[in-house]
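The values are calculated or read from the model by the stated rules, or taken from the named source; none is laboratory data. Just so it is clear, the structure is predicted and the values come from calculations on it, not from any experiment. Backbone-built Cβ (ideal geometry, glycine too); neighbour counts: all protein chains shown. Side chains included, ligands, DNA and RNA excluded: accessible areas come from the protein's heavy atoms. Shrake-Rupley method; radii C 1.70, N 1.55, O 1.52, S 1.80 Å.
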Amino acid sequence: MALVLVGGTALRVWYVARADERPNVDAIVVLGAAQYNGRPSEVFAHRLGQAKELYDQGVAPRIVTTGGRADGDTYSEAESGAKWLTENGVPESHTLVVPKGADTLHSMRAVSQEMRDRGWTTTVVVSDPWHSLRARTMAEDAGLEAWTSPTHSGPIVQTRETQAWYIARETAALLYHNLFAAESMSP
């Protein structure tokens, strides 16, 4: 039974990683990643580029950036992301900065609250392919209706070994979330 659960979860992680859902939604949520003094890391820049592509295609009228600030940082991940978006043609008024959370769980809780406070309930979540199912699950657990549009370029999708490692990691993380954290997510 455990083998079926783990194998089935890994298959779902792999399947959702390949999906690119683009319905019209209230907001695109791009999950934060490392930033260096206001400059997004390569991984984060690929996520931001994906979010901008969705925005340019009219998937949503706004982009929500997420991610907190580490000790000593001048910028939060969310601020760095919004800065990148405005420098690349997205009007500042079409971004919402949610500079909270040091991980997906806490960021998604904060995003859900900010979105629901504005009457927004639907989102396309942008992250890395292997992280997409867990990110969508957390968004749904936090009260949002969510789809995913993962990046398909960048350092996380380069080699089969990297992909296999991330599928295993995300399978374990999703199972952990479903067993221990999902109940605490409800709005």
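Only one of Gly72, Gly49 is at positive phi and small (Gly, Ala, Ser). Can you tell me which? The conditions single out Gly72. Could you please let me know if Lys52 is among the charged types (D, E, K, R), part of a helix (DSSP H, G or I) and either loosely packed, with under 14 Cβ neighbours inside 10 Å or free of Cβ contacts under 8 Å to residues at least 60 places away in the same chain (or both)? Taking the combined requirement at face value, the residue satisfies it. Determine if region 7-26 includes at least one residue that is charged (D, E, K, R), surrounded by 17 or more Cβ atoms within 10 Å (Cβ to Cβ) and over 19 Å from Trp130 (Cα atoms). Checked against the condition, which is being charged (D, E, K, R), surrounded by 17 or more Cβ atoms within 10 Å (Cβ to Cβ) and over 19 Å from Trp130 (Cα atoms), region 7-26 yields at least one hit.
Among the residues of region 67-83, what is the count of those that are crowded, with 23+ Cβ neighbours inside 10 Å and not in a loop (DSSP other than H, G, I, E, B)? Matching residues across region 67-83 total 5. Being aliphatic (A, V, I, L, M) and open to solvent by less than 10 Å² (accessible area, probe 1.4 Å) is the filter; apply it to region 27-45 and report the residue that is farthest from Ile167 (Cα to Cα). Checking each candidate, the answer is Ala27.
Considering (1) open to solvent by 10 Å² or more (accessible area, probe 1.4 Å); (2) of a type outside the set (Asp, Glu); (3) over 22 Å from Ala34 (Cα atoms), the lone condition that His152 does not fulfil carries the number (3).
A single member of Val90, Val64, Val97 is among the β-branched types (Val, Ile, Thr), open to solvent by less than 40 Å² (accessible area, probe 1.4 Å) and within 15 Å of the chain's Cα centre (by Cα), and it is Val64.
The condition of being farther than 17 Å from Tyr15 by Cα, part of a helix (DSSP H, G or I) and either open to solvent by 20 Å² or more (accessible area, probe 1.4 Å) or at pLDDT 95 or above (or both) does not hold for Ala168.
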